[in-house]
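In what follows, a structure is listed as structure tokens, so that the remarks can point back to it.
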Amino acid sequence: NTIAAIVPAAGVGSRMQHNTPKQYIQLAGKTILEHTLSKLSQLKSLSQIVVAVSQTDPYFDTLSPIDSRIIRANGGQERADSVLNSLLFLESNPPKWVLVHDAARPLVSINDIETLIAQCINDDEGGILASKVKDTIKRGHTYSEQTVPRDDLWQALTPQFFKYDELKNALHSALAQGVTITDEASAIEWANKPVKLIAGRSDNIKITTPEDLDLAGFLLNKQHN
Ligand code: CTP
Ligand code: MG
């Protein structure tokens with residue numbers, strides 16, 4: 001049951017409007033990417049931690065060493081391309097499972113990751129961390145046209161945990177057919193394979209816009225105390 005982690009970290013962070021890609025913003029003493037990698041390095045079950053960064057990224061190689069399992073790979077145009085490139089990077093000695101986790105989610109709970117891995121391996125099915133939608137959800141443009149029942153709505157988080165072969169095949173064919181893929185689960189669903197929903201902490205936010213920084217910094221400082 002070998003497990004490799006894949007960390008997509010090749011985005012430019014356009015919504016953050018910062019002078020570096022957001023994964024290199026300093027928060028609570030280190031970069032967001034270093035926080036994320038320190039979290040993953042606590043998982044002894046990982047054989048490798050593949051970090052997909054842009055081929056021209058000048059920052060990654062300057063980070064202080066965190067874990068000997070970390071390897072740099074080339075990202076791609078979209079997040080799904082970065083993940084597929086990382087899967088292909090592992091092709092010569094593929095793991096049985098892969099755990100894909102956004103660089104931009106440093107707040108993830110190790111306990112939640114362990115639950116996700118245990119439940120998926122136990123049932124021999126892939127799955128994702130997700131959190132039940134809390135707000136009332138509206139559909140519309142200028143005016144609300146409808147209130148969407150939220151009892152079966154979830155926010156997809158990461159990590160997302162799938163069998164290596166299943167994810168590689170699903171991502172490859174979905175991308176080849178031009179399907180919009182925003183997470184691993186959307187490719188697996190498209191391939192008609194099960195995606196187990198594992199309830200995870202809702203503070204596992206994806207740091208995306210400037211207003212996320214204060215909250216994330218506060219929570220990261222608290223986790224270290
Ligand atoms: N990502 C990636 N390769 C891409 C695009 C995104 O590896 N071509 C990564 C990001 O670095 C991030 C994660 O996927 O860790 C989630 O993506 P997102 O939050 O959208 O980050 P960005 O694409 O960088 O931000 P934005 O969409 O605002 O530009
Ligand atoms: Mg993006």
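What follows draws every value from the coordinates through simple rules; no lab data is involved. Just so it is clear, the model here is predicted, and its values are computed rather than measured. Neighbour counts are summed over all protein chains in view; Cβ atoms, including those assigned to glycine, are modelled from backbone coordinates with ideal geometry.
Per-structure values
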{"quantity": "Residue of 184, 211, 34 that the Gaussian network model of the chain assigns the largest fluctuation, springs spanning Cα pairs under 10 Å", "calculated": "211"}
{"quantity": "Amide hydrogen neighbours beyond the local backbone of residue 67, cut-off 5 Å, H modeled", "calculated": "none"}
{"quantity": "Phi-based couplings in Hz for region 61-73 (Karplus 6.51, -1.76, 1.60; Gly and Pro marked x)", "calculated": "6, 8, 5, 6, x, 10, 7, 6, 7, 6, 10, 8, 10"}
{"quantity": "Within region 69-140, GluC sites (Glu not before Pro) in DSSP loop having at most 10 other beta-carbon neighbours inside 10 Å", "calculated": "91"}
{"quantity": "Region 103-158 - charge dipole about Cα centre, Lys and Arg +1 at Cβ, Asp and Glu -1, debye rounded to 20", "calculated": "420"}
{"quantity": "Proximal lysine pairs, the chain, alpha carbons under 21 Å, eight or more residues apart or interchain", "calculated": "25"}
{"quantity": "Residues whose placed amide H lies under 5 Å from that of residue 137, excluding near-sequence neighbours", "calculated": "148"}
{"quantity": "Distance (nanometres) between label positions extended 7 Å along Cα→Cβ at residue 12 and residue 191", "calculated": "3.0"}
{"quantity": "Where trypsin sites (Lys or Arg not before Pro) fall in DSSP loop in region 97-146, at most 11 other Cβ within 10 Å", "calculated": "134"}
{"quantity": "Helical contribution to [θ] at 222 nm, DSSP H n ≥ 4, -39,500 (n - 2.57), averaged over the chain, rounded to 500", "calculated": "-9000 deg cm²/dmol"}
{"quantity": "Long-range amide H partners of residue 75 with built H, under 5 Å", "calculated": "53, 54, 55"}
{"quantity": "Net dipole in debye of the chain [+1 Lys, Arg Cβ; -1 Asp, Glu Cβ; about Cα centre; nearest 20]", "calculated": "300"}
{"quantity": "Residues 105, 72, sorted so that the one with the fewest Cβ neighbours within 10 Å comes first", "calculated": "72, 105"}
{"quantity": "Diffusion coefficient, µm² s⁻¹, Stokes-Einstein with Kirkwood Rh over alpha-carbon pairs of region 122-225 at 25 °C and 0.890 mPa s", "calculated": "152"}
{"quantity": "Cα-based radius of gyration of region 1-118 once divided by 2.2 N^0.38 Å, which approximates compact folds", "calculated": "1.01"}
{"quantity": "Among beta bridges that DSSP assigns inside the chain, antiparallel share in %, nearest 5", "calculated": "45"}
{"quantity": "Expected-Rg normalisation [2.2 N^0.38 Å, Cα atoms] applied to the chain", "calculated": "1.00"}
{"quantity": "Average Cα contact separation per residue, region 3-224, under 8 Å, 6 or more apart, as relative contact order %", "calculated": "25"}
